[in-house]
Amino acid sequence: MLEVRSIDVAYDKVQVLFNLSLRVERGSILCLVGRNGAGKTTTLKSIMGLIPVRQGSITFDQTVLTTLPPHEIPGSGIAYVPQGRRLFAELSVKQNMDIGLMASGAGQDTYSSVLEMFPKLQERLNQRAETLSGGEQQMLAMARALCMKPEVILLDEPTEGLQPSMIELIRTVILQLKSQNVAIVLVEQHVDTVIAMADSVAFIVHGRNPETISGNELRDNPDRVERYLGVE
Amino acid sequence: MEFGPYLFIASLEGAITAAVLALTAVGLSIVFGIMRVVNVAHGEFYMLGAVFAWWITNLIGGHPAVGFVAAVIITPVLVGVLAVIADHLILRKIDYDPERTIVATIGLLYVIQQTTLMTFGPEARPVEAPFNKRIALPWIEYGEQGLALIWPWGLSTTTYKLAVIVAAIFILLMLWLLMTRTRIGLIMRATQLDREMATAHGIPVNKVYALVFGLGAGLAALGAVLIVPIQQAHYLMGADPLLLSFIVVIIGGLGSVVGTIVAALFIGLSDGIISVFFTPTLAKIIATLAVAFVLVFRPQGMFGKPE
Ligand SMILES: Nc1ncnc2c1ncn2[C@@H]1O[C@H](COP(=O)(O)OP(=O)(O)OP(=O)(O)O)[C@@H](O)[C@H]1O
Ligand SMILES: [Mg+2]
């Protein structure tokens, strides 16, 4: 279980997260929902150790992530698919995946099984990442993370700007991961995706988490998402 | 000597400058490209390379080749280790902040220079070349019996000078293989492209930086070891290679290794040719003008990408 306990996070002097707590179990999907600038990306970066946490702690099973050097966090089983993909632009598809494989020490079987999920990438192994289409880039960002054989995966708006069939593919992959007992943290703006997939939903408002509800509660009351996302 | 053979010998001298400059400038270029650090002390690592080469060859004695081979192997490693220590003690402490690293490496420049002066003294130190056979070079001339090979007086070079060019090409080839064909090269390139994402994929960015800083310094030192049998070692010799490396890196395009090598060839050759026909000072003036033109008309350099 990944657990975020009352963290405060700031960029230099500007505090962005306030006493924020979250938890997600293996084999379940936690959706983070909030407006632009609420602090969703900052939350995921804090889990990855990319921004120092000032107060509180983050743990994964027995491991206290907040005391690890940032580059050791992926090795403890946590993979990150960042907002805007952030591929290694000048490296090829295969090299981007190799970086993921190195992080986990996973071998050829992992590589092959990831490519099976994204057959489109198979045809483009030697193409530079920056020359892929938007949808292919998102697949590669997912593939690179999956090469790390994660026990927890953090996905920051993986369906942003994609056409419906591509969104469908990403959703299928996420459900597949869930069935493999991976813990999933999903930042998502599409209400229908949240309703369809979430086991629990954490609302984030100005860097705080006023409430977390279960997926079923949400499905009984779909307009609650709108309340947290909609214009004031 | 006539113009043709004269130009030929000038180009050969230029090629030696170019070869050593390429090694030195590529060191500066990878440090800037991967770490975003402008290393003002780069010329001092070059100087250390030359001085250590003298020190090691003297220490070992015997046939010049024995000492020289030892210097070629030990010097870059020694200078690289010193650079890694400087990275730990200085650059890491200021978190590789672009502006503060400039000031810090200016300080490092003087620390290295003055320490060398105090330890090894102000004299210029010669190093004997491991082999140094003079070879006369032929020239083609149209004479009474048609085209003929002649050996003009003064048209000659040494086996060692040719070996410097071959060695530089070999080292650059090895570096290219390292960057494109190995795991560590892949890690270095990923770090260059996106430091934060590299961290998020388990890459220990600080270790990569230390390695790159050591590698950059080692390349400068290696260039100096190669040139020292031709030029002598001296504690102030780091200034020119620093200036020329900056010129080359800017003309070639910041962070572009290929651009750096092409620009080193261009600047090295023109430096050799202009120095022989006119004066070394004019060569430096023209190189500096070339930088000014590049900055005005193509600020990203010949091979750089626009920001
Ligand atoms: N590097 C940074 N330096 C300073 N402030 C930052 C930095 N990154 C983010 N912020 C600020 O932190 C706040 C939260 O940003 P964050 O990116 O976490 O929001 P988000 O919920 O992911 O928004 P979006 O839905 O637009 O992606 C914003 O006010 C943003 O301006
Ligand atoms: Mg965001």
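The values are calculated or read from the model by the stated rules, or taken from the named source; none is laboratory data. Just so it is clear, the model here is predicted, and its values are computed rather than measured. Because the Cβ atoms are built from the backbone with ideal geometry, glycine has one as well, and the counts that use them run over all protein chains shown.
Restricting to the range A:155-181, name every residue that is within 16 Å of ligand 2 (Cβ to nearest atom), of a type outside the set (A, V, I, L, M, F, W, C) and within 13 Å of the chain's Cα centre (by Cα).
A:Asp156, A:Glu157, A:Pro158, A:Thr159, A:Glu160 - these are the residues of the range A:155-181 that are within 16 Å of ligand 2 (Cβ to nearest atom), of a type outside the set (A, V, I, L, M, F, W, C) and within 13 Å of the chain's Cα centre (by Cα).
Considering each residue of the range A:104-144, count those that are of a type in the set (D, E, K, R) and assigned to a helix (DSSP H, G or I), and give that number.
First, pick out the residues of the range A:104-144 that are of a type in the set (D, E, K, R): A:109, A:116, A:120, A:123-124, A:128, A:130, A:136, A:144.
Among the residues that remain, those that are also assigned to a helix (DSSP H, G or I) are: A:109, A:116, A:120, A:130, A:136, A:144.
Result for the range A:104-144: 6.
Any idea which residue in the range A:179-190 is surrounded by the fewest Cβ atoms within 10 Å (Cβ to Cβ), counting only those that are under 21 Å from A:Pro82 (Cβ atoms) and out of contact with any Asp or Glu (no Cβ under 8 Å at 6 or more places or on another chain)?
Here the answer is A:His190.
Please find, within the range A:7-27, the residue that is nearest to ligand 1 (Cβ to nearest atom) out of those that are assigned to a strand (DSSP E or B) and of a type outside the set (A, V, I, L, M). Give the steps one after another, and end with the answer.
Within the range A:7-27, the first condition is being assigned to a strand (DSSP E or B), and the residues that meet it are A:7-11, A:14-24.
Pick out the ones that are also of a type outside the set (A, V, I, L, M) and you get A:8, A:11, A:15, A:18-19, A:21, A:23.
Working: A:Asp8: 13, A:Tyr11: 3, A:Gln15: 9, A:Phe18: 12, A:Asn19: 15, A:Ser21: 16, A:Arg23: 19 Å.
Selected residue: A:Tyr11.
Output the qualifying pairs, or none if there are none: Cβ atoms under 6 angstrom, residues six or more apart or on different chains, first residue in the range B:124-136 and touching a residue at least 40 places away in the same chain (Cβ under 8 Å), second residue in a loop (DSSP other than H, G, I, E, B) and not β-branched (Val, Ile, Thr).
Sorted first by the residue in the range B:124-136, then by its partner, the pairs are B:Ala124/B:Gln232; B:Ala124/B:His234; B:Pro126/B:Gln232.
Of A:Thr193, A:Thr212, which residue is farther than 30 Å from A:Leu140 by Cα, in the same structural domain as A:Asn36 (by TED's automatic domain parsing) and surrounded by 11 or more Cβ atoms within 10 Å (Cβ to Cβ)?
After applying the criteria, what remains is A:Thr212.
Before we move on, is B:Gly218 farther than 21 Å from B:Thr281 by Cα and either out of contact with any helix residue (DSSP H, G or I) (no Cβ under 9 Å at 6 or more places or on another chain) or not β-branched (Val, Ile, Thr) (or both)?
Values: farther than 21 Å from B:Thr281 by Cα: yes; either out of contact with any helix residue (DSSP H, G or I) (no Cβ under 9 Å at 6 or more places or on another chain) or not β-branched (Val, Ile, Thr) (or both): yes.
Yes, satisfied.
Output the number of the condition that A:Gly49 fails; it satisfies all remaining conditions of (1) within 16 Å of ligand 2 (Cβ to nearest atom); (2) buried (at least 20 other Cβ atoms within 10 Å of the Cβ); (3) at positive phi.
In the conditions (1) within 16 Å of ligand 2 (Cβ to nearest atom); (2) buried (at least 20 other Cβ atoms within 10 Å of the Cβ); (3) at positive phi, A:Gly49 misses (1) alone.
Out of A:Arg54, A:Arg85, report the one residue that is surrounded by fewer than 21 Cβ atoms within 10 Å (Cβ to Cβ) and basic (Lys, Arg).
Checking each option against the conditions leaves just A:Arg54.
Is it the case that the range A:1-23 has a residue that's within 14 Å of chain B (Cβ to nearest Cβ), surrounded by fewer than 23 Cβ atoms within 10 Å (Cβ to Cβ) and under 30 Å from A:Glu226 (Cβ atoms)? Please lay out each step first, then the result.
Quick first cut of the range A:1-23, residues within 14 Å of chain B (Cβ to nearest Cβ) only: A:11-12.
With the extra rule that they be surrounded by fewer than 23 Cβ atoms within 10 Å (Cβ to Cβ), the set shrinks to A:11-12.
Filter again for under 30 Å from A:Glu226 (Cβ atoms), leaving A:11.
Yes, some residue in the range A:1-23 is within 14 Å of chain B (Cβ to nearest Cβ), surrounded by fewer than 23 Cβ atoms within 10 Å (Cβ to Cβ) and under 30 Å from A:Glu226 (Cβ atoms).
Looking at the range A:50-85 only, could you name the residues that are closer than 19 Å to A:Ile174 by Cα and either at the interface with chain B (Cβ under 8 Å from one of its Cβ atoms) or in contact with a Cys (Cβ under 9 Å, 6 or more places away or on another chain) (or both)? Explain how you work it out, then say what you get.
Narrowing the range A:50-85 to residues closer than 19 Å to A:Ile174 by Cα: A:74, A:77-85.
Answer for the range A:50-85, where residues must be closer than 19 Å to A:Ile174 by Cα and either at the interface with chain B (Cβ under 8 Å from one of its Cβ atoms) or in contact with a Cys (Cβ under 9 Å, 6 or more places away or on another chain) (or both): A:Pro74, A:Ala79, A:Tyr80, A:Pro82.
Considering each residue of the range B:47-68, count those that are among the β-branched types (Val, Ile, Thr) and free of Cβ contacts under 8 Å to residues at least 12 places away in the same chain, and give that number.
2
Go over the candidates A:Ala141, A:Ala103 one by one and state the one that is within 16 Å of ligand 1 (Cβ to nearest atom) and within 26 Å of B:Arg183 (Cβ to Cβ).
A:Ala141
Tell me the residue from A:Val152, A:Val185 that is of a type outside the set (Ser, Thr, Tyr), out of contact with any Pro (no Cβ under 9 Å at 6 or more places or on another chain), within 16 Å of ligand 2 (Cβ to nearest atom) and over 17 Å from A:Arg227 (Cβ atoms), please.
When all the criteria are applied, what remains is A:Val185.
Quick one: in the range A:148-163, of everything that is surrounded by fewer than 23 Cβ atoms within 10 Å (Cβ to Cβ) and more than 15 Å from A:Ile29 (Cβ to Cβ), which residue is farthest from ligand 1 (Cβ to nearest atom)?
A:Lys149
Identify the residue in the range A:28-42 that is within 14 Å of ligand 2 (Cβ to nearest atom) and not in a loop (DSSP other than H, G, I, E, B) and, among all such residues, is farthest from the other protein chains (Cβ to nearest Cβ).
Ranking the qualifying residues of the range A:28-42, first place goes to A:Val33.
List pairs: first in the range A:37-61 and within 7 Å of ligand 1 (Cβ to nearest atom), second in a strand (DSSP E or B) and not hydrophobic (A, V, I, L, M, F, W, C), Cβ under 6 Å, 6+ apart or cross-chain?
Pairs that qualify, where the first residue is within 7 Å of ligand 1 (Cβ to nearest atom) and the partner is in a strand (DSSP E or B) and not hydrophobic (A, V, I, L, M, F, W, C), are A:Thr41/A:Asp156.
Could you tell me which numbered condition A:His190 fails, if it satisfies all but one of (1) in contact with a strand residue (DSSP E or B) (Cβ under 9 Å, 6 or more places away or on another chain); (2) within 16 Å of ligand 2 (Cβ to nearest atom); (3) more than 17 Å from A:Gly27 (Cα to Cα)?
That leaves (1) as the condition not met.
Sort through A:Leu132, A:Leu175, A:Leu125 and tell me the only one that's crowded, with 16+ Cβ neighbours inside 10 Å and not acidic (Asp, Glu). If you could, list the steps in order and put the result at the bottom.
Values: A:Leu175 fails: crowded, with 16+ Cβ neighbours inside 10 Å; A:Leu125 fails: crowded, with 16+ Cβ neighbours inside 10 Å.
Sole residue among the options that is crowded, with 16+ Cβ neighbours inside 10 Å and not acidic (Asp, Glu): A:Leu132.
Taking A:Ala145 as meeting all but one of (1) within 12 Å of chain B (Cβ to nearest Cβ); (2) hydrophobic (A, V, I, L, M, F, W, C); (3) under 17 Å from A:Ile29 (Cβ atoms); (4) touching a Leu at 6+ places or on another chain (Cβ under 7 Å), write down the number of the exception.
For A:Ala145, the failing item is (4).
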